[in-house]
Amino acid sequence: MKVLVFNCGSSSIKFKLFDMPEENLLAEGLVERVGTTSAFAALKTPRGKTEINQPIADYPAGFSVIKKMLLHPESGPIQSLSEVKACGHRVVHGAESFGGSMSIDDELEAGIEAVFELAPLHNPPNLTGIKQAQLMFGDIPQVACFDTAFHHSIPEVAYRYALPEKLYTEYKVRRYGFHGMSHQFVARQAAQILGKHKYAVNLITCHLGNGASIAAIRDGHSVDTSMGLTPLEGLVMGTRSGDLDPGILFYLNRKGYDTDSLDTMLNKQSGLLGVSGSSNDVRDLELKADGGDARAQLALDIFAYRIKKYIGAYMAVLNRVDAIVFTGGIGENGAAMRQRILSNLDQQGIILDERKNDIHVGVQGEIQASTSRIKVLIIPTNEELAIARDTFKLTK
Ligand code: ADP
């Protein structure tokens, strides 16, 4: 059964076509810079690569380019759209309404729309993608997979902020958490590696990409995570600040920074980029730091220190930890960063095997020393496959 997975952002559409339940990847593609005259689209299949450079005015135009690429006589993975039996969609915010992946109907679409305010940059394009897929594929099942859903198990003590009650009851201000498909995917994979049932593992999962978050997982369920009402809270990220003293905002506001400029500063100009002054990419920063760039070194050190603090906090939350899991572009590939994060934790039972750490770049494996009480796992994430699995499960 062919399942097409969509990840629709404000100016990009990413998609992957899987054959399920074999989990074979038949094609992957993207459309970038939608809404511009310099848009770019590409499709990769085992038979070749198609690239298209042309203006793509809007989402409908983006989807017709996708259709053209999927049906391309030489490189396309299908001959007819009717071969696709279901679509799965990444939806960023499910708020309190959606605790798992769900088949899409009118009520569910209204639910996604109802939380536009909580994720103004993400949920609107997610819903547009769903509507376009419905138009393109007609009456096949569509499934929504929420980034927040895996974190529904977080208890109130961890999801509530110490704010007046009314902010929660009236405005739903609480921790939701994100990257749920990834944290869940690696948690299930970790259970397999450890030879335990999926609901018998205690883990700390670190999703370290351009966006970064960490989760405490007890008995296979998320019980805390670093991102909050929005993806801004928690770890230092490529361009996001992560945790801050909220007083900084009042202070800057009185200095003349308005809400929009603070929003832009904290989301787009902070994090690794803000501290280093030069890049949000860990690879660049490692090179610069090796060459003596003190600001690059500081950015890397602050990034690692924040993660170490959260690992310590979540070890206290969980009491027993079976493994620490690294995933995402930095978690999977950044051996030097993993070393920085896990240095000097031997008294906590975490000891890295330096050689194993160095050779595990982008591949699954264990990198702890034989004397380490807690295992350290590298598990490449695959959010699209997780979406394809849920879509298949709900529609087969
Ligand atoms: P996104 O959140 O955009 O999906 P990714 O998970 O792809 O991000 O991670 C992107 C980040 O991964 C890059 O910004 C880069 O810093 C980091 N990265 C990729 N390869 C390496 C590497 N070999 N060493 C260190 N960091 C890496």
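The values are calculated or read from the model by the stated rules, or taken from the named source; none is laboratory data. Predicted model only: the values in this text are computed from it and were never measured. Cβ sites come from the backbone with ideal geometry, for glycine too, and all protein chains shown count toward neighbours. We work out accessible area using only protein heavy atoms, side chains counted, and drop any ligands, DNA or RNA first. Shrake-Rupley method; radii C 1.70, N 1.55, O 1.52, S 1.80 Å.
Of the residues ALA323, ALA304, ALA313, ALA294, which is within 14 Å of the ligand (Cβ to nearest atom) and either modelled with pLDDT under 95 or among the small types (Gly, Ala, Ser) (or both)?
Values: ALA323 fails: within 14 Å of the ligand (Cβ to nearest atom); ALA313 fails: within 14 Å of the ligand (Cβ to nearest atom); ALA294 fails: within 14 Å of the ligand (Cβ to nearest atom).
From the options ALA323, ALA304, ALA313, ALA294, the qualifying one is ALA304.
So which residues in the range 234-253 are open to solvent by less than 50 Å² (accessible area, probe 1.4 Å) and without any contact (Cβ under 8 Å) to a residue 60 or more places away in the chain, if there are any at all? Walk me through how you get there before you give the answer.
To start, the set of residues in the range 234-253 that are open to solvent by less than 50 Å² (accessible area, probe 1.4 Å) comprises 234-239, 241-242, 247, 252.
Answer for the range 234-253, where residues must be open to solvent by less than 50 Å² (accessible area, probe 1.4 Å) and without any contact (Cβ under 8 Å) to a residue 60 or more places away in the chain: MET237, GLY238, THR239, SER241, GLY247, LEU252.
Taking the condition of being out of contact with any strand residue (DSSP E or B) (no Cβ under 8 Å at 6 or more places or on another chain) and either over 24 Å from ALA27 (Cβ atoms) or of a type in the set (D, E, K, R) (or both), how many residues in the range 74-99 meet it? Walk me through how you get there before you give the answer.
Residues of the range 74-99 out of contact with any strand residue (DSSP E or B) (no Cβ under 8 Å at 6 or more places or on another chain): 79-82, 95-97, 99.
Checking which are either over 24 Å from ALA27 (Cβ atoms) or of a type in the set (D, E, K, R) (or both) leaves us with 95-97, 99.
Counting residues in the range 74-99 that are out of contact with any strand residue (DSSP E or B) (no Cβ under 8 Å at 6 or more places or on another chain) and either over 24 Å from ALA27 (Cβ atoms) or of a type in the set (D, E, K, R) (or both) gives 4.
Quick check, is ARG373 touching a Leu at 6+ places or on another chain (Cβ under 7 Å) and open to solvent by 30 Å² or more (accessible area, probe 1.4 Å)? Walk me through it before giving the result.
Values: touching a Leu at 6+ places or on another chain (Cβ under 7 Å): no; open to solvent by 30 Å² or more (accessible area, probe 1.4 Å): yes.
In short, no.
Filter the range 138-166 down to the residues that are in contact with an Asp or Glu (Cβ under 7 Å, 6 or more places away or on another chain) and part of a strand (DSSP E or B), then identify the one that is nearest to VAL91 (Cα to Cα).
Filtering the range 138-166 for residues in contact with an Asp or Glu (Cβ under 7 Å, 6 or more places away or on another chain) gives 143, 145, 154, 158.
When the remaining residues are screened for being part of a strand (DSSP E or B), the result is 143, 145.
Details: VAL143: 10, CYS145: 6 Å.
The residue in question is CYS145.
Return only the number of the condition from (1) within 16 Å of the ligand (Cβ to nearest atom); (2) assigned to a helix (DSSP H, G or I); (3) open to solvent by 40 Å² or more (accessible area, probe 1.4 Å); (4) farther than 25 Å from MET227 by Cβ that ASN357 does not satisfy.
Of (1) within 16 Å of the ligand (Cβ to nearest atom); (2) assigned to a helix (DSSP H, G or I); (3) open to solvent by 40 Å² or more (accessible area, probe 1.4 Å); (4) farther than 25 Å from MET227 by Cβ, only one is false for ASN357: (3).
Provide a single number: the residues in the range 1-28 that are in contact (Cβ under 8 Å) with a residue 60 or more places away in the chain and open to solvent by less than 10 Å² (accessible area, probe 1.4 Å).
Total meeting the criteria: 9.
Of all the residues that make up the range 175-210, how many are within 16 Å of the ligand (Cβ to nearest atom), small (Gly, Ala, Ser) and buried (at least 20 other Cβ atoms within 10 Å of the Cβ)?
Of the residues in that region, 3 qualify.
Do we have any residue at all in the range 277-292 that's open to solvent by less than 10 Å² (accessible area, probe 1.4 Å) and closer than 18 Å to ASP147 by Cα?
Within the range 277-292 (the criterion being open to solvent by less than 10 Å² (accessible area, probe 1.4 Å) and closer than 18 Å to ASP147 by Cα), the answer is no, since none of the residues qualifies.
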